[in-house]
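J.: Sending over a structure as structure tokens; questions will come in a sec.
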Amino acid sequence: MSLDKSAVRSIAELARIEVPEEELDHLAGELSNILTFVEQLAEVNTDGVPPMTSVAAMALPMREDRVTDGGYPDGILANAPGAVVLRDSPQAPAQGGFFTVPKVVE
Amino acid sequence: MTELANLTIAEACDRLAKGEFTAVELTRAHVARMESLRGLNAFITETPDRALDEAKASDARRAKGEAGSLEGIPLGIKDLFCTEGVPTTAASHILDGFRPPYESTVTANLKKAGAIGLGKLNLDEFAMGSANITSYYGPVENPWKRRSDPATKLVPGGSSGGSAAAVAARMVMGATGTDTGGSIRQPASFCGIVGIKPTYGRCSRWGIIAFASSLDQAGPMARTVKDCALMLGAMAGHDPKDSTSAPMPVQDFAKALSGDIRGLKVGIPKEYRPAGLAEEVAAIWDKGVEWLKAAGAQPVEISLPYTKYALPTYYIVAPAECSSNLARYDGVRFGLRVEGKTLDEMYKKTRAAGFGTEVRRRILIGTYVLSAGYYDAYYAKAQKVRRLIADDFNRAFETVDVILTPTAPTPAFAIGEKSDDPVTMWLNDVFTIPTSLAGLPGLSLPAGLSSDGLPLGLQLIGRPFDEETVFRVAGVMEDAAGFTARPEGI
Amino acid sequence: MAYTLQGETGDWEVVIGLEVHAQVTSSAKLFSGAATEFGADPNTQVSFVDAGMPGMLPVINRYCVEQAVRTGLGLAAQINMTSVFARKNYFYADLPQGYQISQYELPIVGNGTLIIDMPDGTSKHIGIERLHLEQDAGKSLHDQHPSKSYIDLNRSGVALMEIVSKPDLRSPEEAGLYIAKLRSILRYLGTCDGNMQEGSLRCDANVSVRPKGSTELRTRCEIKNVNSIRFVQQAIEYEARRHIEVYEQGGTIDQETRLFDSGKGVTRSMRSKEHAHDYRYFPDPDLLPLVLDPAMVETIKAGLPELPDAKKERFIRDYGLSAYDAGVLVAERASADFFESVAKGRDSKLAANWVMGDFFGALNATGRTIEDPPVTAANLGMLVDLIKDGTLSGRLAKDVFALMLETGKDPATLIEEKGLKQVTDTGAIEAAIDAVMAANPDKVAEIKAGKDKLMGWFVGQVMKATQGKANPAMLNELLAKKIKG
Ligand SMILES: [Mg+2]
Ligand SMILES: [Zn+2]
């Protein structure tokens, strides 16, 4: 499969990565090479072969319905750029708070 | 003090126990080496003060008779493991300033065993690479040099390049690595040390920054087989916080090193000798077979016919999973944010500025192969071929107990070499990727030097959860190889 | 009567499929141990897993799986013994991982049925396409700051059951009945509290139209997150009329996601979701296939409560109720239970009248709930007994009920205290009749002359004289005997 500029543009859009217009051609070439390389799989007969999603030969383990986590907004917000933390005094532990993003209009 | 840094973990454990020196002394010796060898760029974050505090606490525990299995042993941690309060970068700009408020299960296990953390080791960005040249914090230099050309800086392999270099250069006694397609084994081979990727599910993935979830496994890197066995014993174990963690007992791996492999059948896959395999790599592989024969094991030629499809399979599965795993790096909750007028603009600018070329490339490939209309042709197809590759191994293990192959097709190459074409770079992992796809344990040990004085590794592959056999065979080969070479000046 | 929309070119039919998101009533989230309680301070019920922090991994909550199975069984649906969690990849501010863990090709529950009861007494089977488990996203607040949206992840990771109907609904009314019935079943099963205000039950409606008599399926629009039955109905009606108008003007409908503006009563395109979505679903490599233990499914099946349809049938059969009354009583398990404890061993029709009449009226008036009733079932039952054995007349019973509401006391005690006991002593009633007759000889004469209408006046006078306590049946009988003799 060879990808053109506009295909790369829309993949980059889906992946939310800004790619400068002048890099699109080069990237299209590179990605096309990679796709050509992986396309050798087409020659393998996989009729009736179930896809392998995990190598772990076990069923999904489950946990009990108990509250064992959460309650630490300070930790949750500590690394967030532009977080708004609500607390009574600078020393007090957080009483919640928010992550912030540019305003979303729906 | 340098003498202390030359000890193996096993020797250091013995002598610490006998009171010949303290954990503080041992840690100081390694801190000194870490500082004097900064030029290799093996560390992203050094934590000498924390290490010395931990060493003091370790000595106190020992005095109270509460020594763990790795009590007082200074280790390095690949900077893909989240460490509480210590910056964790995945060698990516996008994790700028990130300090995890939590500790990965594997590093917590090592701490519980008494190990001391010297700092966070460099790697390829998000563990994507085979040369440790994609790190935002710059490439790592291999302490080994070509005899013919000692001025040229060589790569340590990747992605656990900082780990391999630090262990080889005696900055740490051992290090954690992670292996998705060969990221423990290939750098171990390039740096003349031992590294094992255990069976998928052996070590918890909780708290390790994900690259490709169905492939990622943590493992130890150290200078001897026994040291790796000791480390793995501390790192491994069932973790209810990881749904893919195996509820399997952890054996005493060091005890498995009995030295007796008589009657064991060793598979020699013919597909691992492609045309154009470097002469000296083929030669060292043959030598390895001879060592095993001499020890009473029986080499058996086997066929793993789907081997040639492992690389293309991997380069669909791994990027697909990575494109999804790396969606969380969006500038909202941690790490880098590049402001934008709209939410989408912020995402796009942040991710463009935060991810390096290789990571971006893989995200785009992964996004493409999962997208509508292409899923079946690429992702579903790769998952089917993956099963065929795994079945190859299942069939082989009906007749053999362990498989011996080269670890990498070449010795370490120069920084800057091979970097213009991604597919050529990926060929580094041609011998390690099939094992990863099948989830099997694979160990690399140094078997000898190339004609230019660079280490060459051999890989042993075992049945699922049979690391004991892998270690046992590796121990015999280690004795036979008698690999005592060290990088010049180390 | 089929619901038809008249257009300029002819009659149109609306085709509706509903996707209901029902929050599982669990203490902890689907893949993390954080709490699910409503109304907590922002980001206080969030674990590192829910915040999509690096290296965090999901582990599934067994109870949520059981609740999905229970709901599937309650909808007479196929339970898939193996199902798979998949990642639905998209970027949004309140979606911390960059993907939602959901189920795609292999959901935990397959085809099922839900029966809706039409007001004309007929019923209709609505197909259930599937039920799958998935995690909820967080919440964006757009009104806290002039240029920023604030994100609260308390909801992030809460377990949802997405229940998808087949496009079998043909009117806003049917859609409303479907939601009400689904809500009723979920509440019977205890798998979702059904609270639409708090968002525990949310509805997306897929709407298309076609000319009456046609069987084609035209392009549908999805109206997202409507939070009351009435709004769902309004949104469907508006959307159907919009489609008809577009078609009749020669236009085409684009498949898109729309939002219902309840203030204006209109739907509008969601610009933020405008560019086509490509969710890139793939099996979540952090999770393994979900394999159900057949014994677990059997245990859940054995423990299923009697559901509204079965209960309604039993109420009609065992208590002789009308289909309508039975339907009203079984809508909520609590009201059905309340009715049964009032009716057990008593006159069931009288009990039904009192529960649905004065008692439901009292609930409304007092704002109390059936779980915390202003009159207990035992006391209401006693009142029914007292009416039945003639101790209280209907009129007196209403007075006693009012006092029960006021004081919380049982009716026997109140009758005792207030002396409200019906007079059934023949002598006392005869004496009162005699006194009234003696005081009104002219009226007696008129009756005797054939003016029967005056009988009512006499009853009233005697009742007045006995402060309403005379047994009405005895009074009528004695009066007739005495006057007409
Ligand atoms: Mg939906
Ligand atoms: Zn949904």
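J.: When you scan region B:361-370, how many residues do you find that are at the interface with chain A (Cβ under 7 Å from one of its Cβ atoms) and buried (at least 21 other Cβ atoms within 10 Å of the Cβ)?
T.: Number of matching residues: 5.
J.: In this structure, is C:SER123 more than 16 Å from ligand 1 (Cβ to nearest atom), more than 9 Å from chain A (Cβ to nearest Cβ) and at pLDDT below 95?
T.: Yes.
J.: Restricting to region C:6-29, name every residue that is modelled with pLDDT of 95 or more and more than 16 Å from ligand 1 (Cβ to nearest atom).
T.: Listed by number, the residues that qualify are C:ASP11, C:TRP12, C:GLU13, C:VAL14, C:VAL15, C:VAL24, C:THR25, C:SER26, C:SER27, C:ALA28, C:LYS29.
J.: Could you go through region C:148-160 and let me know if any residue there is away from ligand 2 (no atom under 16 Å from the Cβ), among the polar types (S, T, N, Q) and without any contact (Cβ under 8 Å) to a residue 60 or more places away in the chain.
T.: Yes, region C:148-160 has at least one match.
J.: I want to confirm something. Restricting to region B:304-315 and keeping residues that are touching a residue at least 60 places away in the same chain (Cβ under 8 Å) and open to solvent by 20 Å² or more (accessible area, probe 1.4 Å), which single residue is farthest from the chain's Cα centre (by Cα)?
T.: Our first condition is that a residue be touching a residue at least 60 places away in the same chain (Cβ under 8 Å); within region B:304-315, this holds for B:304-307, B:309-315.
Checking which are open to solvent by 20 Å² or more (accessible area, probe 1.4 Å) leaves us with B:305-306, B:309.
On the way: B:PRO305: 26, B:TYR306: 24, B:TYR309: 23 Å.
In this case the residue turns out to be B:PRO305.
Here's the yes/no breakdown for (1) of a type in the set (D, E, K, R); (2) touching a Phe, Trp or Tyr at 6+ places or on another chain (Cβ under 7 Å); (3) open to solvent by 10 Å² or more (accessible area, probe 1.4 Å):
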| residue | (1), (2), (3) |
| --- | --- |
| C:LEU30 | no, no, no |
| C:ALA40 | no, no, yes |
| C:SER47 | no, no, no |
| C:GLY55 | no, yes, no |
| C:PRO58 | no, yes, no |
| C:ASN89 | no, yes, no |
| C:GLN97 | no, no, yes |
| C:GLN100 | no, no, yes |
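J.: Same structure, new question: In region C:1-20, which residues are open to solvent by less than 20 Å² (accessible area, probe 1.4 Å) and either closer than 29 Å to B:ARG205 by Cα or within 16 Å of ligand 2 (Cβ to nearest atom) (or both)?
T.: Within region C:1-20, C:GLY17, C:LEU18, C:VAL20 qualify.
J.: Here is a follow-up. Kindly indicate whether B:PRO139 is open to solvent by 10 Å² or more (accessible area, probe 1.4 Å) and not basic (Lys, Arg).
T.: Answer is yes for this residue.
J.: Is it the case that region B:411-430 has a residue that's surrounded by fewer than 24 Cβ atoms within 10 Å (Cβ to Cβ), more than 9 Å from chain A (Cβ to nearest Cβ) and in a strand (DSSP E or B)?
T.: So far as region B:411-430 goes, yes, one or more of its residues are surrounded by fewer than 24 Cβ atoms within 10 Å (Cβ to Cβ), more than 9 Å from chain A (Cβ to nearest Cβ) and in a strand (DSSP E or B).
J.: Scan region C:197-211 for residues that are more than 16 Å from ligand 2 (Cβ to nearest atom) and not β-branched (Val, Ile, Thr) and jot them down.
T.: Those that are more than 16 Å from ligand 2 (Cβ to nearest atom) and not β-branched (Val, Ile, Thr): C:GLN197, C:GLU198, C:SER208, C:ARG210, C:PRO211.
J.: Any residue in region B:477-490 that is acidic (Asp, Glu) sitting within a Cβ distance under 7 Å of a residue that is not in a loop (DSSP other than H, G, I, E, B)? List the pairs, counting only those 6 or more apart or interchain.
T.: B:GLU478/B:VAL225; B:GLU478/B:LEU445
J.: Sticking with this structure for a sec: Based on what the data block shows, is A:ALA56 in contact (Cβ under 8 Å) with a residue 12 or more places away in the chain, part of a loop (DSSP other than H, G, I, E, B) and buried (at least 18 other Cβ atoms within 10 Å of the Cβ)? Walk me through it before giving the result.
T.: On the way: in contact (Cβ under 8 Å) with a residue 12 or more places away in the chain: no; part of a loop (DSSP other than H, G, I, E, B): yes; buried (at least 18 other Cβ atoms within 10 Å of the Cβ): yes.
So A:ALA56 fails the test.
J.: Would you confirm, using the coordinates I've provided, whether C:ARG130 is within 14 Å of chain A (Cβ to nearest Cβ) and either within 16 Å of ligand 2 (Cβ to nearest atom) or crowded, with 24+ Cβ neighbours inside 10 Å (or both)?
T.: It is false that C:ARG130 is within 14 Å of chain A (Cβ to nearest Cβ) and either within 16 Å of ligand 2 (Cβ to nearest atom) or crowded, with 24+ Cβ neighbours inside 10 Å (or both).
Quick grid of which residues meet (1) open to solvent by less than 80 Å² (accessible area, probe 1.4 Å); (2) assigned to a loop (DSSP other than H, G, I, E, B); (3) more than 8 Å from chain B (Cβ to nearest Cβ):
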residue: A:ASP25; (1), (2), (3): no, no, yes
residue: A:LEU31; (1), (2), (3): yes, no, no
residue: A:GLY48; (1), (2), (3): no, yes, yes
residue: A:THR68; (1), (2), (3): no, yes, yes
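J.: Say whether the condition of being open to solvent by 20 Å² or more (accessible area, probe 1.4 Å) and under 27 Å from C:ILE60 (Cβ atoms) is met by at least one residue in region C:249-269.
T.: No, region C:249-269 contains no residue that is open to solvent by 20 Å² or more (accessible area, probe 1.4 Å) and under 27 Å from C:ILE60 (Cβ atoms).
J.: Is it the case that region C:93-107 has a residue that's more than 16 Å from ligand 2 (Cβ to nearest atom) and among the hydroxyl-bearing types (Ser, Thr, Tyr)?
T.: Among the residues of region C:93-107, not one is more than 16 Å from ligand 2 (Cβ to nearest atom) and among the hydroxyl-bearing types (Ser, Thr, Tyr), which makes the answer no.
J.: Being open to solvent by 50 Å² or more (accessible area, probe 1.4 Å), under 16 Å from C:LEU396 (Cα atoms) and in a loop (DSSP other than H, G, I, E, B) is the filter here; which residues of region C:433-485 pass it?
T.: Across region C:433-485, the qualifying residue is only C:GLN467.
J.: Those residues that are within 30 Å of C:VAL65 (Cβ to Cβ), more than 7 Å from chain C (Cβ to nearest Cβ) and not in a loop (DSSP other than H, G, I, E, B), I need them from region A:70-106; list them, please.
T.: A:GLY75
J.: Kindly indicate the residue of region B:379-397 that is in contact (Cβ under 8 Å) with a residue 60 or more places away in the chain and within 7 Å of another protein chain (Cβ to nearest Cβ) and also nearest to the chain's Cα centre (by Cα) among those meeting that condition.
T.: Filtering first and then ranking leaves B:ARG386.
J.: Let me ask another. Just need a number here: residues in region B:49-91 that are more than 14 Å from every other protein chain (Cβ to nearest Cβ) and under 30 Å from A:ILE76 (Cβ atoms).
T.: Count: 8.
J.: Moving on to the next point. For C:ALA77, indicate whether it is in contact with a Gly (Cβ under 6 Å, 6 or more places away or on another chain) and under 25 Å from C:ARG183 (Cβ atoms).
T.: Here the answer is yes, as C:ALA77 does meet what is asked.
J.: To continue, here is another question. For region C:212-231, check the following and say yes or no: at least one residue is within 16 Å of ligand 2 (Cβ to nearest atom) and within 13 Å of chain A (Cβ to nearest Cβ).
T.: yes
J.: Hey, can you tell me all the residues within region B:110-136 that are of a type outside the set (Val, Ile, Thr), crowded, with 24+ Cβ neighbours inside 10 Å and outside any loop (DSSP other than H, G, I, E, B)?
T.: B:LEU110, B:LEU118, B:GLY119, B:LYS120, B:LEU121, B:GLU125, B:PHE126, B:ALA127
J.: Which ones in region B:82-106 are part of a helix (DSSP H, G or I) and out of contact with any helix residue (DSSP H, G or I) (no Cβ under 6 Å at 6 or more places or on another chain)?
T.: Result: B:LEU95, B:THR105.
J.: Restricting attention to region B:344-359, and to residues there that are under 19 Å from A:LYS103 (Cα atoms) and open to solvent by 20 Å² or more (accessible area, probe 1.4 Å), which single residue is nearest to the other protein chains (Cβ to nearest Cβ)?
T.: Of everything passing the filter in region B:344-359, B:LYS348 is nearest to the other protein chains (Cβ to nearest Cβ).
The values are calculated or read from the model by the stated rules, or taken from the named source; none is laboratory data. None of these values were measured; they are calculated from a predicted model. Positions of Cβ are generated from backbone atoms using ideal geometry, with glycine treated the same way; all protein chains shown enter the neighbour counts. Just the protein is used for accessible areas: all its heavy atoms, side chains included, with ligands, DNA and RNA removed. Shrake-Rupley method; radii C 1.70, N 1.55, O 1.52, S 1.80 Å.
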